[in-house]
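Peer 1: Just passing along the structure, written as structure tokens.
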Amino acid sequence: MKKLNKTIFSIIAAFAIIFSFAQCKDAKEAAVTKLLESQVNLVNSQCPIQLNQAVRVDSCKITEKMTMKTFATMSFVNAADFKSDEFVKMTKPSLVYTIQTNNELKQARELGVIFVYAYHDDAGKLLGEIKIGPDDYNQPIDEK
């Protein structure tokens, strides 16, 4: 009987521990979602944002848990002139560098936010979609 009670107690304790970690993970995701919502609202209130002569940020939104997607337009570019994978290969390193070095994104990096950037040409055709997560921005900074 004592052995059965120990087994039942062990099972209950294991479920309690698992449930606690699940709640912590849910609480973290809820906190990150709140942070992202405030950032999305701030950015969207300022859009469109002309970053330079060729790139304009049109909007952003939360697409999944811990994921912020930014929609941008590149002027003077035609999507038909690029293969999506080539565009991503050319563009991703500078985006990763920006995420790694921008102090305003420090909290997002620490929380493991995933950034997705969807670039379109002036006609609205997709140039490429770039996904950058902790595995990308937690790498050593490449100054090249």
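The values are calculated or read from the model by the stated rules, or taken from the named source; none is laboratory data. Since the model is a prediction, treat every value here as computed from it, not as a measurement. Here the Cβ positions follow ideal geometry from the backbone for every residue, glycine too, while neighbour counts run over all protein chains shown. Heavy atoms of the whole protein, side chains included, go into the accessibility calculation; ligands, DNA and RNA do not. Shrake-Rupley method; radii C 1.70, N 1.55, O 1.52, S 1.80 Å.
Peer 1: Quick test for you: out of 34, 106, 28, 61, pick the one residue that is open to solvent by 40 Å² or more (accessible area, probe 1.4 Å) and in contact with a strand residue (DSSP E or B) (Cβ under 9 Å, 6 or more places away or on another chain).
Peer 2: When all the criteria are applied, what remains is 61.
Peer 1: Can I ask one more? Please go through region 68-84 and give me each residue that is surrounded by fewer than 19 Cβ atoms within 10 Å (Cβ to Cβ) and in contact with a helix residue (DSSP H, G or I) (Cβ under 8 Å, 6 or more places away or on another chain), ordered by number.
Peer 2: Hits for region 68-84: nothing passes.
Peer 1: A further question on this structure: Check 58, 136 and return the single one that is in contact with a Cys (Cβ under 8 Å, 6 or more places away or on another chain) and on the phi < 0 side of the Ramachandran plot. Write out each step before concluding.
Peer 2: Numbers: 136 fails: in contact with a Cys (Cβ under 8 Å, 6 or more places away or on another chain).
The conditions single out 58.
Peer 1: Say whether the condition of being among the aromatic types (Phe, Trp, Tyr) and more than 29 Å from residue 37 (Cα to Cα) is met by at least one residue in region 88-102.
Peer 2: No, region 88-102 contains no residue that is among the aromatic types (Phe, Trp, Tyr) and more than 29 Å from residue 37 (Cα to Cα).
Peer 1: For region 37-82, how many residues are of a type outside the set (Lys, Arg) and more than 15 Å from residue 127 (Cα to Cα)? Outline the logic, then answer.
Peer 2: Initial filter on region 37-82 (of a type outside the set (Lys, Arg)): 37-55, 57-60, 62-64, 66-68, 70-82.
Retained after the next criterion (residues that are more than 15 Å from residue 127 (Cα to Cα)): 37-53, 59-60, 62-64, 66-68.
Final tally of qualifying residues: 25.
Peer 1: Quick one: how many residues across region 128-140 are more than 13 Å from residue 95 (Cβ to Cβ) and either open to solvent by less than 80 Å² (accessible area, probe 1.4 Å) or part of a strand (DSSP E or B) (or both)?
Peer 2: Summing the residues that are more than 13 Å from residue 95 (Cβ to Cβ) and either open to solvent by less than 80 Å² (accessible area, probe 1.4 Å) or part of a strand (DSSP E or B) (or both) in region 128-140 gives 1.
Peer 1: Can I ask one more? So, in region 74-127, exactly how many residues are over 19 Å from residue 143 (Cβ atoms) and part of a helix (DSSP H, G or I)?
Peer 2: 13
Peer 1: Also: Tally the residues that are under 14 Å from residue 115 (Cα atoms) and part of a loop (DSSP other than H, G, I, E, B), restricting the search to region 36-73.
Peer 2: So the answer is 2.
Peer 1: Just to be sure, is residue 116 at pLDDT 95 or above, closer than 22 Å to residue 134 by Cα and of a type in the set (A, V, I, L, M, F, W, C)?
Peer 2: Details: at pLDDT 95 or above: yes; closer than 22 Å to residue 134 by Cα: yes; of a type in the set (A, V, I, L, M, F, W, C): yes.
Spelling it out, residue 116 is indeed at pLDDT 95 or above, closer than 22 Å to residue 134 by Cα and of a type in the set (A, V, I, L, M, F, W, C).
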